[in-house]
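Since the structure comes first, as structure tokens, the remarks are kept for the end.
The values are calculated or read from the model by the stated rules, or taken from the named source; none is laboratory data. Fair warning: this is a prediction, and the values are worked out from it, not measured in the lab. No Cβ is skipped: glycine too gets one built from the backbone with ideal geometry, and neighbour counts run over all protein chains shown.
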There are 2 protein chains.
Amino acid sequence: MSELKGAVIFGQSGGPTAVINASAAGVFQEALRQKAITAVYGAAHGIKGILEEKFYDMGKEDPYELELLKTTPSSALGSVRYKLKNAEEDETDYKRILEVFKKYNIRYFFYNGGNDSMDTCNKVSKYMQQAGYECRVMGVPKTIDNDLWGTDHCPGYGSAARYIATSIMEVYQDARVYDQGQITILEIMGRNAGWLTASSALAADAGCGPDLIYLPELPFDLDKFIAEVNDLYQKQKNVIVAVSEGIKDKDGRYISEYGQDLAYTDSFGHVQLGGLASTLVNILKQKIDAKIRGIEFSLLQRCAAHLGSRTDVDEAVLAGEMAVRYAVEGKTDYMVAFERAAGPVYKCQTKLVNLSEVANKEKKIPREWINEAGNGLKQPFIDYALPLIQGASAPPMENSLPRFAKLKKVLASELVTL
Amino acid sequence: MSELKGAVIFGQSGGPTAVINASAAGVFQEALRQKAITAVYGAAHGIKGILEEKFYDMGKEDPYELELLKTTPSSALGSVRYKLKNAEEDETDYKRILEVFKKYNIRYFFYNGGNDSMDTCNKVSKYMQQAGYECRVMGVPKTIDNDLWGTDHCPGYGSAARYIATSIMEVYQDARVYDQGQITILEIMGRNAGWLTASSALAADAGCGPDLIYLPELPFDLDKFIAEVNDLYQKQKNVIVAVSEGIKDKDGRYISEYGQDLAYTDSFGHVQLGGLASTLVNILKQKIDAKIRGIEFSLLQRCAAHLGSRTDVDEAVLAGEMAVRYAVEGKTDYMVAFERAAGPVYKCQTKLVNLSEVANKEKKIPREWINEAGNGLKQPFIDYALPLIQGASAPPMENSLPRFAKLKKVLASELVTL
């Protein structure tokens with residue numbers, strides 16, 4: 001394959017993770033090492049930064065700060081949720097992207113994100129091919145949800161899973177200190193796939209985890225749930241339950257919406273409503289005479305770089321680096337994916353999957369990894385997930401608080417005269 | 001002072017912290033080293049375990065597990081919220097305690113807790129004196145709230161503060177990734193004293209913290225709050241606000257109760273209620289057209305041993321050890337307290353304060369450490385708090401998850417034949 005000289009642009013898209021910046025570091029550091037690459041740009045707020053010609057010259061950054069990106073959570077360049085229309089319907093955005101690519105001689109486009117972002121990446125890739133503009137396009141996987149198709153797992157998942165399992169082990173200690181018992185409901189992210197909620201099973205496997213786990217992969221039956229929690233409460237007094245924010249009933253209605261019309265009035269005459277955890281707490285309080293507490297891990301679970309998985313961080317960096325190397329070698333129109341070697345020892349390498357195969361698809365937890373009762377995980381899930389949380393990653397500390405990357409963010413448009 | 005031969009009993013009381021078990025380790029390890037001490041007992045659920053004659057022989061525990069207590073959060077022996085009546089009103093509990101003390105020849109009573117627990121400790125101490133039963137009584141301070149009187153600070157505070165500051169620095173990264181802006185409301189524990197909420201100022205001092213901080217030390221004015229948040233939002237789009245769960249209006253009413261009769265109906269016609277963070281989110285949503293998110297740190301903030309302060313853990317151990325040493329030397333009726341040396345370098349040593357001076361009192365943040373506008377902290381608070389979060393403490397890991405202490409909990413009653 002012939003050498004393609006030109007600039008790189010890299011964008012971050014979708015919800016933050018603890019390691020999306022680690023992939024950015026991988027892309028930037030590798031791209032800055034490649035002779036074929038003439039400039040390295042980072043788009044502000046993903047595809048929007050390209051449309052608005054707002055992107056930074058990463059070559060102007062201090063190499064130490066780029067290195068710090070590996071332990072800086074969230075999206076240092078800014079993220080976006082922006083769905084490109086189909087080019088057949090409306091070509092405006094595509095024409096603008098092509099214009100910007102030409103203006104800056106951008107020949108490499110790397111896009112880091114989940115399902116929707118791979119759709120963006122795929123559309124840009126196909127348009128450039130059709131327009132006859134030579135540009136190598138590569139998706140870099142990212143999502144705490146771990147639901148990208150075509151890859152064994154996704155960067156971002158291992159760190160979030162390690163945070164969730166560790167935090168639950170701590171809450172487990174806390175939630176049983178009084179002798180009157182307590183029911184604790186933990187709400188974990190994941191709208192359609194239960195991988196994150198399932199990571200609570202790692203805490204259970206370590207002896208300090210939830211008794212019951214409810215995933216969005218199976219329809220949620222409220223009466224069954226109440227009976228299962230109550231049975232355990234009567235038996236052992238302390239009950240911990242992990243629920244995915246995305247659980248739905250058999251009619252496809254989110255349980256978190258139940259609170260909005262249950263019009264439940266508590267003993268003080270107050271209507272009680274809220275998110276999923278507080279909805280379930282309020283429902284249980286009507287049925288079980290117990291101390292019941294809801295905890296929502298909220299944003300904390302996706303930005304906890306201080307409790308990162310070293311495996312996850314290293315693989316996130318690798319995904320970024322490999323995207324650049326594959327593209328420089330001549331590959332285009334792919335997403336970098338992970339393939340796990342068979343056997344008891346965890347080994348993992350990158351491979352390529354077609355962008356059009358990945359876009360807009362979701363990977364869910366196989367039914368056979370969930371127990372018969374639909375309220376817990378089986379050993380194959382533990383065997384799958386435990387290797388992904390191995391090793392500790394944390395930012396360097398200043399005054400015992402994290403020192404995150406500080407980018408200068410020099411706008412490329414202020415530097416380039418074409 | 002003459003040597004007093006006899007057994008030790010130690011109890012944990014009140015809300016969990018990341019380091020209450022570190023003080024337990026200090027007491028147990030030091031007591032097991034002392035020749036005068038004939039047995040070392042740990043009470044199940046504090047004073048209740050004494051009343052019910054349910055306590056464990058700590059000499060039967062594996063020394064390695066006792067060492068692991070230093071990094072195991074929450075109360076390994078179980079905690080309690082139990083208020084002893086005044087002995088003049090009802091002597092029942094006191095007679096029972098005396099009976100148990102005599103039966104097991106308990107001559108040393110150590111009680112680890114906050115304001116209420118020091119009240120218990122004080123009452124037991126006074127009763128034993130009055131009954132003429134020689135027993136040395138020592139309070140060991142503990143509270144994430146940091147509101148104990150007579151001590152520079154309290155074990156438990158530094159670790160919770162380090163967790164809060166770190167988590168906020170991470171949320172800060174997360175809460176500004178999209179370009180449309182976001183208001184984030186962080187709810188932090190502390191009913192009457194704002195020390196924990198104030199620790200969010202350490203994140204601000206590190207450049208990634210809240211813009212506004214509201215403490216329970218000052219009356220909370222809802223209109224002023226809305227105006228301050230809105231002004232900042234219009235100016236900078238991203239606003240982070242830390243609020244103490246205990247903020248009250250000028251009439252002494254908790255703001256968290258507002259949600260219960262505001263009967264606020266959202267745009268879908270649903271009544272919206274919840275804790276303080278969600279109450280404030282709902283109020284702001286009526287006034288400001290913005291993305292607004294509430295996060296409650298909940299139990300996570302008090303049991304996060306994985307992000308402990310080494311200074312805090314070491315001092316918690318020291319407090320336990322010194323309680324034993326002081327008592328063996330002949331001291332009684334005191335709480336172990338911390339005294340900070342003057343000067344720029346942090347140095348701290350233990351001292352003793354009378355239990356009756358400590359019981360039921362609260363220490364609040366001085367007004368002059370809070371800014372004029374009442375929505376932030378000044379440098380003297382940073383100078384006070386920053387040394388307390390220094391150094392990292394975390395449990396040893398197994399499979400990259402915490403390995404907490406596993407106690408055998410051998411009941412003393414099954415061993416002792418008297």
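Which members of segment A:276-293 meet the condition of being closer than 21 Å to A:S200 by Cβ, more than 8 Å from every other protein chain (Cβ to nearest Cβ) and in contact with a strand residue (DSSP E or B) (Cβ under 6 Å, 6 or more places away or on another chain)?
A:L276, A:A277, A:L280, A:V281, A:L284, A:A290, A:K291, A:I292
Tally time: how many residues in segment A:375-418 are without any contact (Cβ under 8 Å) to a residue 24 or more places away in the chain and crowded, with 21+ Cβ neighbours inside 10 Å?
So the count comes out to 2.
Given the structure, is B:D152 surrounded by fewer than 24 Cβ atoms within 10 Å (Cβ to Cβ) and assigned to a loop (DSSP other than H, G, I, E, B)?
yes
Taking the stated definitions as given, is A:Q180 surrounded by fewer than 24 Cβ atoms within 10 Å (Cβ to Cβ) and modelled with pLDDT of 95 or more? Don't jump to the end; show me each part of the working.
Working: surrounded by fewer than 24 Cβ atoms within 10 Å (Cβ to Cβ): yes; modelled with pLDDT of 95 or more: no.
It is false that A:Q180 is surrounded by fewer than 24 Cβ atoms within 10 Å (Cβ to Cβ) and modelled with pLDDT of 95 or more.
Being over 17 Å from B:D314 (Cβ atoms) and either touching a Leu at 6+ places or on another chain (Cβ under 7 Å) or assigned to a loop (DSSP other than H, G, I, E, B) (or both) is the filter here; which residues of segment B:339-353 pass it?
B:A342, B:G343, B:P344
Based on what the data block shows, is A:Y346 surrounded by fewer than 24 Cβ atoms within 10 Å (Cβ to Cβ), within 14 Å of chain B (Cβ to nearest Cβ) and among the aromatic types (F, W, Y)?
So A:Y346 fits the description; yes.
Is it fair to say A:T332 is assigned to a strand (DSSP E or B) and either modelled with pLDDT of 95 or more or over 23 Å from A:A31 (Cβ atoms) (or both)?
Working: assigned to a strand (DSSP E or B): no; either modelled with pLDDT of 95 or more or over 23 Å from A:A31 (Cβ atoms) (or both): yes.
Considered against the rule, which asks whether it is assigned to a strand (DSSP E or B) and either modelled with pLDDT of 95 or more or over 23 Å from A:A31 (Cβ atoms) (or both), A:T332 comes out as no.
Show the residue pairs that are 6+ apart or on different chains and have beta-carbon atoms under 6 Å apart, the first residue being within segment A:324-337 and farther than 17 Å from A:M128 by Cα, the second being modelled with pLDDT of 95 or more and of a type in the set (V, I, T).
A:V324/A:V27; A:V336/A:V140; A:V336/A:T350; A:A337/A:T151; A:A337/A:V353
Quick check on this structure: which one of B:G42, B:G14, B:G26, B:G46 is assigned by TED's automatic domain parsing to the domain that holds B:G330, at pLDDT below 95 and buried (at least 24 other Cβ atoms within 10 Å of the Cβ)?
Of the residues listed, the single one that is assigned by TED's automatic domain parsing to the domain that holds B:G330, at pLDDT below 95 and buried (at least 24 other Cβ atoms within 10 Å of the Cβ) is B:G14.
Please verify whether segment B:23-39 includes one or more residues that are in contact with a Pro (Cβ under 7 Å, 6 or more places away or on another chain), within 19 Å of B:C303 (Cβ to Cβ) and in contact (Cβ under 8 Å) with a residue 12 or more places away in the chain.
yes
What strands (runs of 3 or more DSSP E) lie completely within segment A:175-245 and have 1 or more residues being of a type in the set (G, A, S)?
The qualifying strands (runs of 3 or more DSSP E) are A:238-244.
Within segment B:72-93, how many residues are part of a helix (DSSP H, G or I) and either over 27 Å from the mean Cα position of the chain (by Cα) or within 14 Å of chain A (Cβ to nearest Cβ) (or both)?
Of the residues in that region, 1 qualify.
Looking at segment B:395-418, which of its residues are facing another protein chain (nearest Cβ under 8 Å), hydrophobic (A, V, I, L, M, F, W, C) and in a strand (DSSP E or B)?
Selection gives B:M397, B:L401.
Against the condition of a type outside the set (S, T, N, Q), touching a helix residue (DSSP H, G or I) at 6+ places or on another chain (Cβ under 6 Å), surrounded by 14 or more Cβ atoms within 10 Å (Cβ to Cβ) and closer than 25 Å to B:A39 by Cα, how does B:E315 come out, does it pass?
Spelling it out, it is not the case that B:E315 is of a type outside the set (S, T, N, Q), touching a helix residue (DSSP H, G or I) at 6+ places or on another chain (Cβ under 6 Å), surrounded by 14 or more Cβ atoms within 10 Å (Cβ to Cβ) and closer than 25 Å to B:A39 by Cα.
Can you go through B:Y64, B:Y108, B:Y56, B:Y41 and tell me which one is among the aromatic types (F, W, Y), assigned to a helix (DSSP H, G or I) and more than 25 Å from B:A160 (Cβ to Cβ)?
Being among the aromatic types (F, W, Y), assigned to a helix (DSSP H, G or I) and more than 25 Å from B:A160 (Cβ to Cβ) holds for just one of B:Y64, B:Y108, B:Y56, B:Y41, which is B:Y64.
Among the candidates A:G274, A:G269, single out the residue that is buried (at least 19 other Cβ atoms within 10 Å of the Cβ) and at pLDDT below 95.
Sole residue among the options that is buried (at least 19 other Cβ atoms within 10 Å of the Cβ) and at pLDDT below 95: A:G274.
Only residues that are in contact with a strand residue (DSSP E or B) (Cβ under 8 Å, 6 or more places away or on another chain), more than 9 Å from chain A (Cβ to nearest Cβ) and either over 30 Å from B:E217 (Cβ atoms) or among the polar types (S, T, N, Q) (or both): list them for segment B:377-394, please.
B:S393, the sole residue that qualifies.
Which number in (1) more than 30 Å from A:L202 (Cβ to Cβ); (2) surrounded by 15 or more Cβ atoms within 10 Å (Cβ to Cβ); (3) of a type in the set (S, T, N, Q) marks the one condition that B:N354 misses?
Every listed condition holds for B:N354 apart from (2).
Can you run down the residue pairs with Cβ atoms below 8 Å, 6 or more apart or on separate chains, where the first is in segment A:158-184 and within 7 Å of chain B (Cβ to nearest Cβ) and the partner is charged (D, E, K, R) and assigned to a helix (DSSP H, G or I)?
Short answer, once both residue conditions are applied: A:R162/A:D312; A:D174/B:R302; A:D179/B:K48.
Residues B:P344, B:P380, B:P366, B:P387: which one is within 18 Å of the chain's Cα centre (by Cα) and closer than 20 Å to B:G158 by Cβ?
B:P387
List pairs: first in segment B:347-358 and within 17 Å of B:A327 (Cα to Cα), second aromatic (F, W, Y), Cβ under 7 Å, 6+ apart or cross-chain?
Note: pairs meeting the criteria are B:T350/B:F338; B:L352/B:Y326; B:L352/B:Y334; B:V353/B:Y334; B:N354/B:Y334; B:L355/B:Y334.
Looking at B:K35, B:K48, B:K60 in this structure, which one is within 14 Å of chain A (Cβ to nearest Cβ) and among the charged types (D, E, K, R)?
The unique qualifying residue is B:K48.
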